[in-house]
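Notes follow the structure.
The values are calculated or read from the model by the stated rules, or taken from the named source; none is laboratory data. What you see is a predicted model, and the numbers here were worked out from it, not measured in a lab. With ideal geometry, Cβ positions are generated from the backbone for all residues, glycine too; neighbour counts draw on all protein chains shown. Areas reflect the complete protein model, heavy atoms only, side chains present, ligands, DNA and RNA absent. Shrake-Rupley method; radii C 1.70, N 1.55, O 1.52, S 1.80 Å.
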Amino acid sequence: MTIAWDAWAPNLPSLALVPWAMHLGWGIVLAALVNHLLSNHEGVVRQRLVGAVALAACIPGLWGPVYWLGLAFQTPSVLGVVWAGQHLYRNWPIAAWTLKSRPSKRSALNGVFAVMGVALGWLLLLDTLALLPFQLYALGFSPWVAGAALMVGLLPWIFQGIPGLRSAGGLVVLAVLVFTLLRLPTGNLWDALLDPWLWVVLHFYLARLALRGR
């Protein structure tokens, strides 16, 4: 018997939208990375360097860094871009008063989402090596999987009220919504939720949580 969603053709993103998404995504990620590396340097210098990196990501062609990053790593995941954007917003002076007025508790569910991301990355790696009895990556084109991911992202709302987009669940929900509307970056949900660099960062995040637990 053929599964219902296997007969559906993959809904791919617009080809005209992909280059714009690549430049915007890498610009946000690189700006967040520079902002994090210069976290000990407060003032206008750090803001100007972050802005310069973001503007450099807009340079098209061989002279821009996005061209070479795209050749090596394609487009960053939607979840990675949203997480980087949250980091920039949290450290932006204009947004400081909004964050102070709405404090949020550190949730143990963030660690659960990190474990799920790491486990998903290992499963996708096994699928790439054809070591799984089913095709996990192909399931990412199914609309049912996107709906399941949206429900998983709503878990913090169910168990702890509405913590907002500062929680891991909120970021997952936002990433799934962007993916549903724009199908970025490849039309596959797994590419929207995880990329190699985000997968590596989640390993370090879990290691840091383990050290703090000790």
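Mind listing whichever residues of the range 154-168 are part of a loop (DSSP other than H, G, I, E, B), modelled with pLDDT under 75 and open to solvent by 40 Å² or more (accessible area, probe 1.4 Å)? I'd like the intermediate steps shown before the answer.
So the first thing to find is which residues in the range 154-168 are part of a loop (DSSP other than H, G, I, E, B), and the list is 154, 161-167.
Among the residues that remain, those that are also modelled with pLDDT under 75 are: 161-166.
Within the range 154-168, Ile162, Pro163, Leu165, Arg166 qualify.
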*So Arg212 fits all but one of (1) open to solvent by less than 30 Å² (accessible area, probe 1.4 Å); (2) out of contact with any helix residue (DSSP H, G or I) (no Cβ under 8 Å at 6 or more places or on another chain); what number is the exception?*
(1)
_Options Leu123, Leu171; residue that is touching a Phe, Trp or Tyr at 6+ places or on another chain (Cβ under 8 Å), at pLDDT 90 or above, in a helix (DSSP H, G or I) and not small (Gly, Ala, Ser)_ = Leu171
*Being within 16 Å of Val115 (Cβ to Cβ) and either surrounded by fewer than 19 Cβ atoms within 10 Å (Cβ to Cβ) or modelled with pLDDT under 90 (or both) is the filter here, so list the residues in the range 174-204 that pass it.*
Trp199, Val200, Val201, His203, Phe204
_Residue list for the range 24-66, filter: open to solvent by less than 50 Å² (accessible area, probe 1.4 Å) and touching a Cys at 6+ places or on another chain (Cβ under 9 Å)_ = Gly27, Gly64, Val66
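Does Gly111 fit the bill of being modelled with pLDDT of 95 or more, over 22 Å from Ala21 (Cα atoms) and assigned to a helix (DSSP H, G or I)? Break it down stepwise before answering.
Numbers: modelled with pLDDT of 95 or more: no; over 22 Å from Ala21 (Cα atoms): yes; assigned to a helix (DSSP H, G or I): yes.
Judged against the criteria, Gly111 is not a match.
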*Can Gln86 be described as in contact with a Lys or Arg (Cβ under 8 Å, 6 or more places away or on another chain), modelled with pLDDT under 90, part of a helix (DSSP H, G or I) and not basic (Lys, Arg)?*
yes
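If you check Met151 against the conditions, is it over 16 Å from Asp195 (Cα atoms) and at pLDDT 90 or above?
Working: over 16 Å from Asp195 (Cα atoms): yes; at pLDDT 90 or above: yes.
It is true that Met151 is over 16 Å from Asp195 (Cα atoms) and at pLDDT 90 or above.
Going by the conditions given, is Leu69 at pLDDT 85 or above, open to solvent by less than 60 Å² (accessible area, probe 1.4 Å) and under 26 Å from His203 (Cα atoms)?
Values: at pLDDT 85 or above: yes; open to solvent by less than 60 Å² (accessible area, probe 1.4 Å): yes; under 26 Å from His203 (Cα atoms): yes.
For Leu69, the condition - at pLDDT 85 or above, open to solvent by less than 60 Å² (accessible area, probe 1.4 Å) and under 26 Å from His203 (Cα atoms) - is met.
Being part of a helix (DSSP H, G or I) and under 16 Å from Gly25 (Cα atoms) is the filter here, so list the residues in the range 182-214 that pass it.
Result: Leu182, Asp191, Ala192, Leu193, Pro196, Trp197, Leu198.
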